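Chemist: This structure is in C-alpha cells; I'll ask about it shortly.
Throughout, read-outs are computed from the coordinates displayed, never taken from laboratory work. Because the structure is a prediction, the values reported are computed rather than measured. Because the Cβ atoms are built from the backbone with ideal geometry, glycine has one as well, and the counts that use them run over all protein chains shown.
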Amino acid sequence: MSRRAVAIAAVLFLAPLGAAAVEVAGVSFPPTVQAGGKTLTLNGAGLRTRFFFKVYAMGLYLEKPSTDARTILAGDGVRRAELHMLRSVSGAEMGDAIATAVNANAGSAAGQLKARIDRLKSMFTSANQGEVITLTYIPGTGTVVATNGRDVGTIEGKDFADALFGAWIGTAPVDDSLKQALLAGR
C-alpha cells in the first residue's frame, strides 16, 4: 500500500462518519448548524438549475435526518433550507418562482396560504449572486426568512412551512434531482 493510500485510509478512519462538509458548485455546507435553539444536521445538498443555468446551491438541515419527504413534512421539528445564490435574480422573479412552487405543493390549502405566500414574495427585493437566503421553520414561531444572516420577516404556521419545504421535497418539487440530493440523509 502506498504512503498516499495509507494517509487517505487514516483520514477516513479517523474522521467521524457524516461529519464532513458537503460541497456543491463551490459552496461548502457544514455538517451541522444551530437554529431555533437546536443543532440541525445536514440532510442533503444539491444544485437548482433552470434552463441549464445554475441558480442556487441548497442545503436542507433537520433535527432528525430522514430520506422520506413525508416523514420530514409530517414532523414538527426545526428545519432549515439554506440557499446560496449562484446568479442574481430579481425579487419578483424569485418571489414568483417560490410562490408557484409553494402553490403546487399546497394542494387544497393554497387559498388559505395566499396572504402568507404574498407576504413571502414581498420579502424578496432581489437575490444577488453570493447572497445566502435561509428559511428556518421553528415550531410555535413560524418560518423565519433571512438574507445574509439578517432576519427579514417571519411567516406563521406549520401549514405554510410544509408547503414551502414541499417546493423542494414535496410531491411537485421544482427539481427532481435537487429533491433526491436533499433527501440523501447524510
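Chemist: Find how much the distance from A21 to S122 grows on full extension, using 0.36 nm per residue of separation minus their present alpha carbon separation; answer in nm with one decimal.
Modeler: 33.1 nm
Chemist: Quick one: among F160, F124, F53, which has the greatest mean-square fluctuation in a GNM of the chain with alpha-carbon springs under 10 angstrom?
Modeler: It is F53.
Chemist: Mind giving me the FRET efficiency for R70 and S28? R0 is 30 Å, r the Cβ-Cβ distance, nearest 0.05 is fine.
Modeler: 0.55
Chemist: Please give the contour-minus-distance gain from Q112 to R50: 0.36 nm per residue of separation, less the Cα-Cα distance, rounded to one decimal in nm.
Modeler: So the extension gain works out to 19.4 nm.
Chemist: Another one. Counting every Cα pair in segment 28-168, what percent are over 17 Å apart? Display every interim value, and only then the final one.
Modeler: Numbers: 5705 of 9870 pairs.
That fraction is 58 percent.
Chemist: Taking 0.36 nm per intervening residue step and subtracting the Cα-Cα distance, what contour gain separates K158 from E93 on full extension?
Modeler: 20.9 nm is the gain from fully extending K158 to E93.
Chemist: So if R0 is 30 Å, what FRET efficiency would V132 and A184 give, r being the distance between their Cβ atoms, rounded to the nearest 0.05?
Modeler: Efficiency, rounded to the nearest 0.05: 0.90.
Chemist: In the chain, what is the count of Lys pairs whose alpha carbons are under 21 Å apart, counting only pairs at least 8 residues apart or on separate chains?
Modeler: Within the chain, the lysine pair count is 8.
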